[in-house]
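Before any comments, here is the structure.
The values are calculated or read from the model by the stated rules, or taken from the named source; none is laboratory data. Because the structure is a prediction, the values reported are computed rather than measured. Note: ideal-geometry Cβ built from the backbone for every residue, glycine included; neighbour counts use all protein chains shown. Quick note on the areas: whole protein, heavy atoms, side chains included, nothing else; ligands and nucleic acids left out. Shrake-Rupley method; radii C 1.70, N 1.55, O 1.52, S 1.80 Å.
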Amino acid sequence: QQFLKDNNVTEKDLRVEDLYKDQSYVVIRRLSDGKCLELPINPLNFLNYVAISTDNRYVGIVGKPSNSGYIHIFKISGDFDSFSSMYCSMIAQYSTWSCGFASNGLFGTSDSAPATYITNVFDDSIKQPKKFIGRSWLCFSRSGKYAALSRQGYRAISAGGCGHIPSNKTFIFDTETNAIIAEYCDHSKFIKVGSLNEDDKNIVMASFSDDERRLMTIGSDGVIIVRNLYLG
């Protein structure tokens, strides 16, 4: 009754959305004292990945709402009691799958196209991430000078696609020059684009060594490859 009075509406005009709002949160918990911070996000069909920066000041969240893609970065301020939003949903054209930070402030993610999105959370002048079509993000090196990319994508079966598009290729991307400086195809000699063959040796994980001189990649068949890098 108070709502009706305050908003000058009758019961006949009342709508459910006037009284109820569907709100989702990602809860970040500080392990030292158990203090929690609730980060509000748009309702998502799929919450695919959450990453926290190395300095614990930024939280990246990616996923899929009803359509397009979702990229949301929160900046944590104060004594873990307040936050601000840097990006919002619908920046990516398609669903975004994984994400991560580097120590120099770089944030990366990729969508189903595939396309990779990279931004620097330390630079307040950047309003939109840089987009690199035809590549999927795997990981950053420790300093953020390099990124490992692939070509994995997704075409929804419900829309006539083939589902997950595997890739056995790894690209080394120089984040300072925005150039591909190395390319490897270690996990299989051949892989058919769009194939759902369980024998496809798709790359499922990648990681640089701390000194950025080696790259480890793991295939869907369980094979682990550690490659020496000569990037200088």
* Once you've got the GNM for the chain with C-alpha springs shorter than 10 Å, pick whichever of Ala113, Ala156, Ala102 has the biggest mean-square fluctuation. => Ala156
* Asked: How many nm is it between the label spots at Asp174 and Ala159, if each spot is 7 Å from the Cα in line with the beta carbon?
  -> 3.5 nm
* **Among Tyr58, Gln2, Leu149 the positive-end extreme of the charge dipole of the chain (Cβ point charges)** => Leu149
* Mind telling me which of Thr217, Thr177, Thr109 comes out most flexible in a GNM of the chain, alpha-carbon contacts under 10 Å? => Thr177
* In a Gaussian network model over the chain where Cα atoms closer than 10 Å are linked, find which of Lys130, Lys145, Lys35 has the largest mean-square fluctuation. => Lys35
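Hull surface divided by four, with the convex hull built on the Cα atoms of the chain: how many nm²? Could the numbers behind the result be given before it?
Values: hull surface 70.2 nm².
Mean shadow area of the hull around the Cα atoms is 17.5 nm².
Restricting to Cα atoms and excluding each atom paired with itself, what does the Kirkwood estimate give for segment 100-170 in Å?
Working: mean 1/r = 0.0775 Å⁻¹.
Mean inverse Cα-Cα distance, inverted, gives 12.9 Å.
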* To do: For an R0 of 35 angstrom, estimate the FRET efficiency from the Cβ-Cβ distance between Glu212 and Asn45 and round to the nearest 0.05.
  => 0.45
* Distance between modelled label sites at Lys12 and Ser85, nm, 7 Å Cα→Cβ extension -> 3.6 nm
* Structure fact -> Using the Cα gyration tensor of segment 32-109, the equivalent ellipsoid's semi-axes, largest first and to the nearest Å, work out to 22, 14, 10
* Asked: Ignoring ligands, DNA and RNA, what percent of the accessible area of the chain is carbon or sulfur (1.4 Å)?
  -> 50 percent
* To do: Would you please state which residues of segment 127-159 a label at Thr54 would reach in this model, taking the label point 7 Å out along Cα→Cβ and a backbone N cut-off of under 11 Å?
  => 140-146
* Compare the Cα positions of Phe140, Phe122, Gly34 along the charge dipole of the chain (+1 at Cβ of Lys, Arg; -1 at Cβ of Asp, Glu; about the Cα centre) and return the one farthest towards the positive end. => Phe140
* Asked: Is segment 62-155 best put as rounded, prolate or oblate by its Cα gyration tensor, with a ≥ b ≥ c the root eigenvalues, rounded for a/c under 1.5, and otherwise prolate when a/b is larger than b/c, oblate when not?
  -> oblate
